[in-house]
Each structure stands twice: as C-alpha cells, then as structure tokens.
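Accompanying notes for the structure given below.
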Amino acid sequence: MAFRGTEKCGSYVLIVVNTITIIVGVLVILAGVMGILKQADIDEYSGGYNFELVCYGILITGVIILIVGMFGWYTGFNGSLLAGKIYVILIIIIAVLQLVFFIVEFLKKDEINAEIESYMNRTMNGTAYEDLSDGEKKVIDLIQGQLECCGLETAEDTWGEDEIPASCCVSADNSTVSDCSSEDAFDSGCRDAATAFADKAIKFSIFILIAGFVLEFICVFAALFSVREGMRKKKYNALST
C-alpha cells in the first residue's frame, strides 16, 4: 500500500511540476514572439546588434518546454507507458544539453567579460553626451540607470564635469533627476559594474542549471512511478473484466 501511495505521489508531482512547465513554456513563447515583433526597438537599445536569431531561439526553447510539459502532464494524468518513455527521453536530452551549456558557459566566461568590456569601450568612447545619437543616448541611459554606474571608469573621465547625463544620478524615489553633478553621480564605473553584473548572471545561471538537474532527476523517477501505477491499473481492469 505504501508503494502504491508513492506511485500516486509520483503522478501528482508530474501533474503539478508540468503544469508549471506548460505555463513557463507559454510565457517563453510569448517573450520570443514579442522580441521578434519588437526587433526594431531591441536593435536601437543594443547599439545596432541584431538579436533576431536570439529571439527565434527563445521562441523554439519555449516550444520545446511546452512539448516536454505536455508529455509530462499526460504521463502523470494517464500513466501512459509511451508518453512516459518519450518524457524520460526528452528529460535526458535536456539534461545533456544543460550540461553542455554549463561547460561552454564556464569555458567562455573570460571571453564574455572581454566582449562586455569591448562593448563598453565602444559605447562610452569619450564622445560628449550631447553629441551622441538618440539611440546611443538610450543605450547609455539604460546601462547607467540599471547598473547604477556613471561613465566608463568615473563620471569625469567620460563626460567631464559639466555634461554629466541625468542617468548618472537617481533620486530617492528612483526617478531620474534632471540636474546631475559629479558629486552626486554614481561612484562605480560602468565597465566594472557591467562585468560584475555578468559574473553574477553566470553564477545565477549555474545555480538554475543545478536546480534544473535536481528537478529533472525527481521528474524521471516520478514518471517511472506514474507509469508503473498506470500499468497496474490497466492490469487490474483487464483482470476485472
């Protein structure tokens, strides 16, 4: 009886986890679609880099997540042997891809930081803020406002003392002030702030990958228990008739 209870628990785990997975898949698909539709705005903020391929990658990822979630949900609900096998195979493939991504990300860490530094050097190249294009201003304001930094290394070395962008200073209610001086500007330089943010993002992604491995491990065993319960029910119904 205790073992059957474990089998039913496996079905419940699959239904709950994969209901969330389906929702996440739909949200990722919507994010990919919105990225494709808003490509012009993304290009403007990215400094001219084309992220259309990335958006299609997000869209495809969302579709894969949705399909995996549907197979997992159906396995938990019906205990189908075929659906269970497909689900386990998909989970194993995803786990392998995650491992590859983890290795590549670890090996490319220094290269990513170097690319970020290069991008910051190109973006904040010593040109006066007022001489920048509207697109370049939006990029710089976004970087400085979000990372709470100013200039490449300091406010003065990039913008001088008299032309510091308003995005270098933020008031207590988080609204950008119109008059910003070097005394009020953020202390951190954006190059160091950007690389520090990238390091945190990489560490966070590693944490997510580890959590994903644990969840996938649980889902594989939950699927096996759910399939066993489904087979037991079918066998019982066959004997009853």
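The values are calculated or read from the model by the stated rules, or taken from the named source; none is laboratory data. Quick caveat, the model's predicted, so the values are computed rather than measured. All Cβ positions, even for glycine, are placed from backbone atoms using ideal geometry, and neighbour counts span all protein chains on display. Ligands, DNA and RNA are stripped out before the accessible areas are found, and what is left, the full protein with its side chains, is counted by its heavy atoms. Shrake-Rupley method; radii C 1.70, N 1.55, O 1.52, S 1.80 Å.
Laid out as a table, the results:
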| read-out | value |
| --- | --- |
| Neighbours by Cβ (under 8 Å, 6+ apart or cross-chain): first from the range 178-190, more than 29 Å from ASN113 (Cβ to Cβ); second open to solvent by 100 Å² or more (accessible area, probe 1.4 Å) and in a loop (DSSP other than H, G, I, E, B) | SER181/GLU161 |
| Count - residues of the range 86-98 that are touching a helix residue (DSSP H, G or I) at 6+ places or on another chain (Cβ under 8 Å), free of Cβ contacts under 8 Å to residues at least 60 places away in the same chain and open to solvent by 70 Å² or more (accessible area, probe 1.4 Å) | 0 |
| Condition met for ILE116 (in contact with a helix residue (DSSP H, G or I) (Cβ under 6 Å, 6 or more places away or on another chain) and at negative phi) | yes |
| Subset tally (residues that are in contact with a Cys (Cβ under 7 Å, 6 or more places away or on another chain) and assigned to a loop (DSSP other than H, G, I, E, B)) for the range 179-195 | 6 |
| Filtered residue count, the range 100-119, keeping only those that are farther than 30 Å from GLU153 by Cα and free of Cβ contacts under 8 Å to residues at least 60 places away in the same chain | 2 |
| Residue match in the range 84-95 (condition: within 20 Å of ASP192 (Cα to Cα) and more than 22 Å from the chain's Cα centre (by Cα)) | no |
| Among the candidates GLY32, GLY69, GLY57, residue that is at pLDDT below 85, farther than 24 Å from GLY135 by Cα and in a helix (DSSP H, G or I) | GLY57 |
| Matching residues in the range 112-140 - criterion: being surrounded by fewer than 15 Cβ atoms within 10 Å (Cβ to Cβ) and not in a helix (DSSP H, G or I) | ASN125, GLY126, THR127, ALA128, SER133 |
| Flag for ILE143 being surrounded by 15 or more Cβ atoms within 10 Å (Cβ to Cβ) and over 21 Å from the mean Cα position of the chain (by Cα) | no |
